[in-house]
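The structure appears right after this line, and notes come after that.
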Amino acid sequence: MFYKSMQNSFVLVVALIFSSAALAAQNSAFQISSPDGRLAVEFHLNAAGTPRYSIQLDGHPALQESRLGLVRDDVDFSRDLHLRSASKIDHVRDHYEILTAKRRVDDYHANRQVFHLQTTSGASMDLLFQVSDDGVAFRYYFPETNSAIHHLTEEVTSYHFLAGTKAWLQPMSVAKSGWSQVNPCYEEFYQKDISVGTPSTFGAGWVYPALFRSGDTWLLVTEGSLPRNYCATRLRSESPDGEYSVGFPDPREKIGDGPVNPQSELPWLTPWRIIAVGTLKTLMESTLGTDLADKPAPSSVPLPQPGKASWSWPLLGDGSANYATQKQFIDYAADMGWRYCLIDAWWDKQIGYDKVKELVDYARGKNVKILLWYNSGGDWNAAPQTPRDKMLTHASRIAEFDKLKAMGVAGLKIDFFGGDGQSVIDYYLDILHDAAPYGFAMNFHGATLPRGWQRTYPSLMTMEAVRGLEYMTFEQTNADAEPTHATTLPFARNMFDPMDFTPMALDRINDRVQRRTTSAFELALSVVFMSGIQHYAEIPAGMAKAPKYVRGFLRGVPSVWDDTKFLDGFPGKFVVLARKGDGRWYVAGINGESTPKALTLNLKELHASATGTLIADGGGGNLSFRQEMVHLPRNREFAITLPPRGGFVMAFDQN
């Protein structure tokens, strides 16, 4: 009896030891550090089995403890979880080339750890973390196999910022609002330097990318690798105590009876949640948005090439979609050495397919390619512009693509999409999938954020998702806001993804609206803004007034950037970037404020020639420029004063 009692006691002690060990593991905090050791994310389950994470930079808090988890229609994966196991930390590396981003060749290095979580009912969810020197990324994975369709009712993910953090955020517009019910299309002005916790302007949330500053630390929140089986998300409108939560789209953001919230069979992998962290320079030179994007599928079809485009619509309007004007703009593109000419809305009515074919043939003889505009169609917008409804079904798309390919058309601009619901995301991807075998250059307008799609689908040259120059032509208040707006976009919307702002009105806008920027400011946007196809707003008559050296500069600006360096700036105030392409460094700066900006730029890291060319404001009104040679001293510092709302460009040969 004594022996048996001792044996039972031993078993109980062992059980308690193992139970305590399991409990300790359950409550342990795991830390995954970046390759350089400066950035770290900490993950743990609290006493209620709720997953939590926080971020530190150089040992100091960068993001407070924040929530993790998903709520599925059948299981709640946000609480009562236990940790089944954790993988060892692995090093992840990716090397790739991309033609529509801030750097052509990129290397991604990160440390990765996977946490295998389980509910009390035995359902599984994995949480994947990857930490690179420039940020933290995580996503969820349901590893089980099940052909039944599962639905997510909520994503619990949050970002809890430190007290005193400031934000640069674009409010999400209300679905089915605006002209012809085309919203949301990511075309609002950013709220600048606001306190975290400020409710969004329209109550519909905040769009990505979302920029934050906590002391000297900057953070940018976005998402990437958005697949067919998920909706695009946003940050919810309310952020109590500076804690922003992921929100699903408005129920009206859908196609027909298609899904809005995520639904899928199992297994199921969600998009990446991306948080770039570091100095402003770290963020501005980061490529996390494409580093974490899905790789493109192998293809034997020649890919379209980035380029510049002439475009009549922004300054000349709907009536310019006529044969004679488009022939003039083809000549204009040819004279400037630009690859493309875009023919915008109503071309099917005002020119017709047969005459467009003549324009395509004429352009081919000038070494120019033609792009055509389309209305996405459907009941999600009431915009009357045609061609309309040609993209709606696979059959109608293929019929139109066959026709366009036979005509020799090089690409499409498709406008007026229906929001961020999963069925709308499927529509984008269906179009890209169907267009890929034709080699068309693709551009989406009235659209969501690309979220790295330009890597997954290399034919995607650019997307709008911005309050672009067209708004400056509509009314004076938009033109008044352009200087601060343009100096915000490189730090947010254009951080990772190509942006079809359609920049550069060098001469004038129109009789209703006065431009508030200088001509050199507008010229600098050709370098400051990144887009696979850069559609220039300036028309032939305005370009003809520009000095010969300005036209020469615009003929030579590269369409593919080999590298990008952040030299100076602050969101909404000013920005100076250096981009390398075709063996030269192009340095461009814009001042968004109403007072002069004296800068001393250190160009040593460019490893460029000490001699270059500067084009800056001449001080004499519209189309007033000055050009001069620049000779840098040994320390490679360059001093320049930008006039109010002014700008400059410089070019140096690479050493």
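The values are calculated or read from the model by the stated rules, or taken from the named source; none is laboratory data. Here the structure is a predicted model, which is why all the values come from computation and not from measurement. Note that each Cβ is placed from the backbone with ideal geometry, even for glycine, and that neighbours are counted across all protein chains shown.
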Filtering strands (runs of 3 or more DSSP E) wholly in region 161-242 for at least 2 residues that are charged (D, E, K, R) gives 191-195
So how many residues does region 254-304 have that are within 28 Å of Phe566 (Cα to Cα) and either of a type in the set (D, E, K, R) or modelled with pLDDT under 95 (or both)?
6
Could you look through region 323-346, keep only residues that are touching a helix residue (DSSP H, G or I) at 6+ places or on another chain (Cβ under 6 Å) and under 18 Å from Met407 (Cβ atoms), and pick out the one that is surrounded by the fewest Cβ atoms within 10 Å (Cβ to Cβ)?
Tyr323
Since Leu412 meets every condition but one in (1) in contact with a helix residue (DSSP H, G or I) (Cβ under 9 Å, 6 or more places away or on another chain); (2) over 21 Å from Lys308 (Cβ atoms), which condition does it not meet?
(2)
Could you tell me whether any residue of region 505-524 is under 25 Å from the mean Cα position of the chain (by Cα), under 30 Å from Pro296 (Cα atoms) and not aliphatic (A, V, I, L, M)?
no
Six or more apart or on different chains, Cβ atoms under 8 Å: show the pairs whose first residue is in region 613-638 and in the same structural domain as Gly589 (by TED's automatic domain parsing) and among the hydroxyl-bearing types (Ser, Thr, Tyr) and whose second is surrounded by fewer than 15 Cβ atoms within 10 Å (Cβ to Cβ) and part of a strand (DSSP E or B).
Thr613/Glu628; Thr613/Met629
If Tyr190 satisfies every condition in (1) buried (at least 21 other Cβ atoms within 10 Å of the Cβ); (2) farther than 26 Å from Leu269 by Cα; (3) out of contact with any helix residue (DSSP H, G or I) (no Cβ under 9 Å at 6 or more places or on another chain) but one, which is the exception?
(3)
Only one of (1) free of Cβ contacts under 8 Å to residues at least 24 places away in the same chain; (2) part of a helix (DSSP H, G or I) does not apply to Glu522, and that is (1)
Asp420 passes all but one of the listed conditions (1) touching a helix residue (DSSP H, G or I) at 6+ places or on another chain (Cβ under 8 Å); (2) modelled with pLDDT of 95 or more; the exception is number (1)
Thr100 passes all but one of the listed conditions (1) in contact with a Leu (Cβ under 8 Å, 6 or more places away or on another chain); (2) over 23 Å from Trp268 (Cα atoms); (3) part of a strand (DSSP E or B); (4) not acidic (Asp, Glu); the exception is number (3)
Going through (1) surrounded by fewer than 24 Cβ atoms within 10 Å (Cβ to Cβ); (2) of a type outside the set (Ser, Thr, Tyr); (3) in contact with a strand residue (DSSP E or B) (Cβ under 7 Å, 6 or more places away or on another chain) one by one, Val277 fails only at (1)
Could you tell me which of the residues Ala163, Ala110, Ala175 is closer than 30 Å to Asn375 by Cα and modelled with pLDDT of 95 or more?
Ala175
Taking Ala435, is it among the small types (Gly, Ala, Ser), crowded, with 22+ Cβ neighbours inside 10 Å and more than 30 Å from Leu288 (Cβ to Cβ)?
no
How many of the residues in region 633-655 are touching a Phe, Trp or Tyr at 6+ places or on another chain (Cβ under 7 Å), surrounded by fewer than 20 Cβ atoms within 10 Å (Cβ to Cβ) and at pLDDT 95 or above?
1
Only residues that are part of a strand (DSSP E or B) and either hydrophobic (A, V, I, L, M, F, W, C) or crowded, with 16+ Cβ neighbours inside 10 Å (or both): list them for region 614-626, please.
Leu614, Ile615, Ala616, Asp617, Phe625
Given the conditions (1) under 25 Å from Glu223 (Cβ atoms); (2) crowded, with 24+ Cβ neighbours inside 10 Å; (3) touching a residue at least 40 places away in the same chain (Cβ under 8 Å), report the number of the one that Met499 does not fulfil.
(3)
